[in-house]
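Comments concern the structure below.
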Amino acid sequence: MTYVPDFSIVTDNWIVLLRGLWVTIQIWIPSITIGLAGGLLLAQARLGRSGWIRGTSLVYVELFRDTPVLIQLIWFYYAFPILVGVQLT
């Protein structure tokens, strides 16, 4: 018994896949821009001369580095809207 791959589902739905790729690119570009800018600012804060700026950036980095991503997602979904007053869909 041999397996014959069937890519007809991909070729039949290539328009939907291209639309999904376009949405991904639209999300990716601002995310990379914001992430790079934020990372550079945090790096500069970590290398700064002021002790309280270094300490604050150290706490921020270690907080997000040391907690699992699933916990962060749950926190942002449930606790962040309560603190800010905006309900997420």
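The values are calculated or read from the model by the stated rules, or taken from the named source; none is laboratory data. Because the structure is a prediction, the values reported are computed rather than measured. For neighbour counting, all protein chains shown are included, and Cβ atoms are generated from backbone atoms with ideal geometry for every residue, glycine included.
Of the residues in the range 43-67, how many are of a type in the set (Phe, Trp, Tyr) and either surrounded by fewer than 10 Cβ atoms within 10 Å (Cβ to Cβ) or touching a Phe, Trp or Tyr at 6+ places or on another chain (Cβ under 7 Å) (or both)? Number satisfying all stated conditions: 1.
Kindly indicate whether Leu58 is among the hydrophobic types (A, V, I, L, M, F, W, C), part of a helix (DSSP H, G or I) and modelled with pLDDT of 95 or more. Spell out the reasoning first.
Working: among the hydrophobic types (A, V, I, L, M, F, W, C): yes; part of a helix (DSSP H, G or I): yes; modelled with pLDDT of 95 or more: no.
For Leu58, the condition - among the hydrophobic types (A, V, I, L, M, F, W, C), part of a helix (DSSP H, G or I) and modelled with pLDDT of 95 or more - is not met.
Put simply, of Leu88, Leu83 the only residue that is of a type in the set (A, V, I, L, M), loosely packed, with under 10 Cβ neighbours inside 10 Å and touching a Phe, Trp or Tyr at 6+ places or on another chain (Cβ under 7 Å) is Leu88.
Of Ile9, Ile25, Ile15, Ile74, all but one fail to be surrounded by 11 or more Cβ atoms within 10 Å (Cβ to Cβ) and either touching a residue at least 12 places away in the same chain (Cβ under 8 Å) or among the aliphatic types (A, V, I, L, M) (or both); the exception is Ile74.
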